[in-house]
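Heads up: the structure comes next, in structure tokens.
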Amino acid sequence: MEGGVGMIHDVKKFVAVVLMAVFLLTTAVAPALASSKEETGETYASFLGDFIILRPLGMLAQVAGLGLFIATFPVAAISGNTEKAVEKLIKEPAKFTWKRPLGQLP
């Protein structure tokens, strides 16, 4: 059992060193990043909110838009509005999700 206890102690030490290194690196780099992003209005919160909330919603909007386009295609084809339907239901959600820079909120 002695070998197992020493190994756990070594793992705890390693985790503590890695966490300390990450903490020191992030506190050293954060002010530089914050000052460069102040002009554009992009912050860590905007990056995080965009990545966790808005991008997945954009993906859902793409799927929903494709479903709506397929459902309404016959009507759009008869009325000659397929280009407008493609733009609003497929291209705009795709641009919102994939073309917009991360953290740039609409």
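The values are calculated or read from the model by the stated rules, or taken from the named source; none is laboratory data. Not measured: the values here are computed from a predicted model. Virtual Cβ from ideal backbone geometry, glycine too; neighbours counted across all protein chains shown.
Within the range 68-87, can one find any residue that is closer than 23 Å to GLN104 by Cα and modelled with pLDDT of 95 or more?
Residues of the range 68-87 closer than 23 Å to GLN104 by Cα: 87.
Within this subset, residues satisfying the condition of being modelled with pLDDT of 95 or more are 87.
Checking the range 68-87: at least one residue is closer than 23 Å to GLN104 by Cα and modelled with pLDDT of 95 or more.
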- Task: Please state which of the following conditions LYS84 fails to meet, knowing it meets all the rest: (1) surrounded by 13 or more Cβ atoms within 10 Å (Cβ to Cβ); (2) assigned to a helix (DSSP H, G or I).
- Result: (1)
